[in-house]
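Right, one structure below, let's go through it.
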Amino acid sequence: MAPVTRRTFLGSAAALGAALGLDSLPGTATNAAAATTGTITDVKHVVVLMQENRSFDHYFGTLKGVRGFGDRATIQLSGGYSVFDQPNGSGRQYPWQLSATSTWWWGVSKEQLAQCDGSLDHSWSTQHSAWNNGKMDNWVSAKNSARTLGFMNRSDIPFHYALADAYTICDAYHCSILSATGPNRTYLWSGWIDPAGTAGGAAYDGGSESGLKWQTYAEALQNAGVSWKVYQNASDNFGDNALAYFNQFTSAPSSSPLAQNGMGSVPSTGSTPDDIAAAIRNDSLNNTLPQVSWVVSNQLFSEHPDGPPENGAHFVNLVIQALAANPDVFNSTVLFLNYDENDGFFDHVPPPAAPSGTAAEFYSGSNIGLGFRVPMIIVSPWTRGGWVDSQVYDHTSVIRFLETWTSAIGKPANCGNISAWRRQVCGDLTGAFDFANPVYGLPSLPDTSATISQATANLQINPAPGTNSMPTQEPGTRPARALPYQPNAWVDRIEYDAGGQILLWIDMANQGPQATAYAHYSIYANNYRSGGPWQYTVAPYAGGADGTATDYFNIGTNYGNGQYDLTCVGPNRFLRRFQGNANGAGKGCEATTYYASAPNTGQQAVWFKMTNTGSSTVTYTITSTNYRTDGPWTYQVAPGATVSDYFNAVAYDNGWYDFTVTVDADSSWSRRATGHIETGAASVSG
């Protein structure tokens, strides 16, 4: 089959790295005198290499220390199933390793089948169908194939895993829109898709990304006096240079910077990957590398399912080696390696979505994004050490980083297209860096010289599942960057009225001085009622006050008759689950969480406040669901009384906690609380 054509700074890195044994990475060369300021101004070049069509779980669900297949804070599907246990016709299917396929093909190994599996539908309609308004339960049906659940591991993509182990991986980096490549690349290059159609949009789906008229970020750089360039072969770029979607570039005079830097081609010898790498190497050696570069591969080396990951690894390595040809350039460069969208491949983490009515975040009545998680690895001296950053990002975060950097170097290039909501929810990627503690030089990386031919890639065999059991994740943790939120949620009260309606109120908060960014929450109805999930954006702590939001849920007549089962999820594995019966024996019982210092250590702890407004003494039990192995702990609470206790998660579990609270009066009543306590310092993944 011929290839399908397109469009039919926080904490000490050095100290924590040493504690985790990461100071002896192959090729590590610490240069104590190299950093001139210890700030973002030490960055001299930013290179953006966007590859194609891979989801985070698809590539890195088995990587140790990231939010992958071992995630303990997942949403639940209808019927009580894990989000990993997806409906598949009349049955169900877990994620499965592509190279363990049951498909056989004469002369082609299963490993090659995994590398050449062919693309799934990833249009606006099927991406939204898989998302299913946030329920995340329609992947196989939407993509018309159980191959949506196929994944790779370290043995399949060793270079990618080695790169993540050497540098920093972002496990909450999302594509920008629940749609195809073109719209996501439009976000990367311009921060917007013009949903109201005022400037040539809406560029919401594959095939809609042409004739666009708004300002791109390349033009903002040009106007600010920041040098920039696209490295590509314009006749062999798989349609992936988003600047070509814009009229001002397609109609630019050949002598103009827009045409030369944005639409031009590197010198050609007939091998696009080698030609691009040669051009970067030449500019690196001659100190003519622009301040900002975008790199666009060809189809065979793009990592699109038509282009094997093995080939993509080789191309990425070529770019890295080209930059490293001049150590001074390499040691002052940030390389962002990201992926435009997930193709049709499964990811288990619900993307943050804007509440209804949010400006510039809806098209034709549907959420634009965020889209599903995709890989992002940041290669730079300031991101060495095998870190994970779990702050929420999307493709506009790359622009945000460039905004922050250009402002710091005195040439501010701002993008007016990014929506206010997106600026609130998505960070600017600076949290992934430790500018005070760079590690210079190029680490040892696996050889990538073996590649797959166009003829083999053309086979696109479409492998079928060979297993149906929950996959495992590599054991171990990795150092984690500090995060700018401290989420919390609890049942505030239950109200009854004479008409049989019962309202359960849930409060959500973003608490304490460590909370400096907006936090996104979703609330899911697990049982008893339909609808949802419901989306919330909560402001950070400011002026001594926590950011808060509150909402109520009818659990009365026609909504469970008092029974309820709701889950609130937020950033970095935050989860609260509330179960019970407002008319049952547990009426009057509540356990809420808050954060405060532990009296024995002074460190932040998670506290449980257990109240009893009933008429009889009750016994609460707190059980460690994960992390701790001691307990359980029991507390008798008299009528009208309150009892509080704390758990020092920072001292004993790197800030991680996961507890379930039950009460003897009502076996249906429980409260689960899991998450991470932020201290402003680097930590360890959960």
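Checking the stated criteria, V618 turns out not to satisfy the condition of being closer than 30 Å to C426 by Cβ and buried (at least 22 other Cβ atoms within 10 Å of the Cβ).
In this structure, D434 does not qualify as in contact with an Asp or Glu (Cβ under 9 Å, 6 or more places away or on another chain), open to solvent by less than 30 Å² (accessible area, probe 1.4 Å) and among the acidic types (D, E). In segment 620-645, the qualifying residues are those that are hydroxyl-bearing (S, T, Y) and not in a loop (DSSP other than H, G, I, E, B), and the one that is farthest from E590 (Cα to Cα) is S624.
Could you please find all residues in segment 633-651 being within 27 Å of the chain's Cα centre (by Cα) and open to solvent by 30 Å² or more (accessible area, probe 1.4 Å)? Listed by number, the list holds a single entry, V650. Of all residues in segment 358-380, those satisfying the criterion of being surrounded by fewer than 18 Cβ atoms within 10 Å (Cβ to Cβ) and on the phi > 0 side of the Ramachandran plot are S364, G365. The residues in segment 60-84 that are crowded, with 17+ Cβ neighbours inside 10 Å and outside any strand (DSSP E or B) can be counted, and the count is 17.
Among the residues of segment 127-141, are any of a type in the set (G, A, S), part of a strand (DSSP E or B) and closer than 24 Å to P87 by Cβ? No, that holds for no residue. Out of the residues in segment 249-267 that are closer than 28 Å to K44 by Cβ and of a type in the set (S, T, N, Q), state the one that is surrounded by the most Cβ atoms within 10 Å (Cβ to Cβ). Among those residues, the one meeting the criterion is N261. The set of residues in segment 455-467 that are surrounded by 14 or more Cβ atoms within 10 Å (Cβ to Cβ) and outside any loop (DSSP other than H, G, I, E, B) comprises T456, A457. With respect to L113, determine if the residue is modelled with pLDDT of 95 or more and on the phi < 0 side of the Ramachandran plot. So L113 fails the test. On inspection, W96 fails the criterion of being modelled with pLDDT under 85 and aromatic (F, W, Y).
Residues in segment 549-607 that are in contact with an Asp or Glu (Cβ under 9 Å, 6 or more places away or on another chain), in a loop (DSSP other than H, G, I, E, B) and within 25 Å of H348 (Cα to Cα): 2 in all. When the residues of segment 440-454 are filtered to those that are modelled with pLDDT of 95 or more and open to solvent by less than 30 Å² (accessible area, probe 1.4 Å), the one that is farthest from S271 (Cα to Cα) is Y440.
Name every residue in segment 547-572 that is out of contact with any His (no Cβ under 6 Å at 6 or more places or on another chain) and farther than 17 Å from V491 by Cβ, in order of residue number.
Result: G547, T557, N558, N561, P571.
Kindly evaluate F345 against the criterion of being at pLDDT 95 or above, among the aromatic types (F, W, Y) and touching a helix residue (DSSP H, G or I) at 6+ places or on another chain (Cβ under 6 Å). Yes; evaluated as a whole, the condition is true for this residue.
When you check S297 against the structure, is it within 17 Å of L337 (Cα to Cα), buried (at least 16 other Cβ atoms within 10 Å of the Cβ) and in contact with a helix residue (DSSP H, G or I) (Cβ under 7 Å, 6 or more places away or on another chain), yes or no? When the stated conditions are applied, S297 passes them. Here W405 meets each of (1) open to solvent by 20 Å² or more (accessible area, probe 1.4 Å); (2) over 30 Å from A596 (Cα atoms); (3) in a helix (DSSP H, G or I); (4) in contact with a strand residue (DSSP E or B) (Cβ under 9 Å, 6 or more places away or on another chain) with one exception, condition (1). All conditions in (1) under 15 Å from the mean Cα position of the chain (by Cα); (2) part of a helix (DSSP H, G or I) hold for G427, with the sole exception of (2).
For segment 591-606, taking the residues that are surrounded by fewer than 17 Cβ atoms within 10 Å (Cβ to Cβ) and among the small types (G, A, S), the one that is farthest from the chain's Cα centre (by Cα) is identified as G602. Assess whether V329 counts as being over 16 Å from F159 (Cβ atoms) and part of a helix (DSSP H, G or I). When the stated conditions are applied, V329 passes them. Are there any pairs, at least 6 apart or on different chains, whose C-beta atoms fall under 8 Å, with the first in segment 42-55 and open to solvent by 10 Å² or more (accessible area, probe 1.4 Å) and the second in a loop (DSSP other than H, G, I, E, B) and of a type in the set (G, A, S), and if so, which? Partner pairs satisfying both residue conditions: D42/A35; D42/S332; K44/S332; H45/S332. For segment 86-112, give me each residue that is closer than 28 Å to R185 by Cα and either out of contact with any Pro (no Cβ under 8 Å at 6 or more places or on another chain) or among the hydrophobic types (A, V, I, L, M, F, W, C) (or both). Across segment 86-112, the qualifying residue is only L98. Might you let me know whether segment 489-497 holds any residue that is open to solvent by less than 30 Å² (accessible area, probe 1.4 Å), at pLDDT 95 or above and over 25 Å from the mean Cα position of the chain (by Cα)? Within segment 489-497 (the criterion being open to solvent by less than 30 Å² (accessible area, probe 1.4 Å), at pLDDT 95 or above and over 25 Å from the mean Cα position of the chain (by Cα)), the answer is yes, since at least one residue qualifies.
You will find that of A164, A180, A142, A234, the residue that is within 27 Å of C116 (Cα to Cα), crowded, with 24+ Cβ neighbours inside 10 Å and touching a Ser or Thr at 6+ places or on another chain (Cβ under 7 Å) is A180 and no other.
Which is out of contact with any Cys (no Cβ under 7 Å at 6 or more places or on another chain), within 30 Å of R154 (Cα to Cα) and polar (S, T, N, Q), of T181, T186?
T181
Here S419 meets the list (1) closer than 29 Å to N317 by Cβ; (2) of a type in the set (S, T, Y); (3) open to solvent by less than 30 Å² (accessible area, probe 1.4 Å) almost entirely, failing just condition (1).
Which of the residues that make up segment 51-68 are among the hydrophobic types (A, V, I, L, M, F, W, C) and in contact with a Phe, Trp or Tyr (Cβ under 7 Å, 6 or more places away or on another chain)?
L63, V66
One residue stands out in segment 652-686 among those that are part of a strand (DSSP E or B) and acidic (D, E): the one that is surrounded by the fewest Cβ atoms within 10 Å (Cβ to Cβ), namely D666.
Yes/no matrix, rows are residues, columns are (1) farther than 15 Å from R373 by Cα; (2) modelled with pLDDT of 95 or more; (3) not hydrophobic (A, V, I, L, M, F, W, C):
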site	(1), (2), (3)
S155	yes, yes, yes
F159	yes, yes, no
T168	yes, yes, yes
D171	no, yes, yes
S176	no, yes, yes
T186	yes, yes, yes
G191	yes, yes, yes
G200	yes, yes, yes
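The values are calculated or read from the model by the stated rules, or taken from the named source; none is laboratory data. Since we're looking at a predicted model, the values are computed, not measured. Using ideal geometry, Cβ is built from the backbone for each residue, glycine included, and neighbour counts are taken over all protein chains shown. In case anyone asks, the SASA skips ligands and DNA or RNA and just uses the protein heavy atoms, side chains included. Shrake-Rupley method; radii C 1.70, N 1.55, O 1.52, S 1.80 Å.
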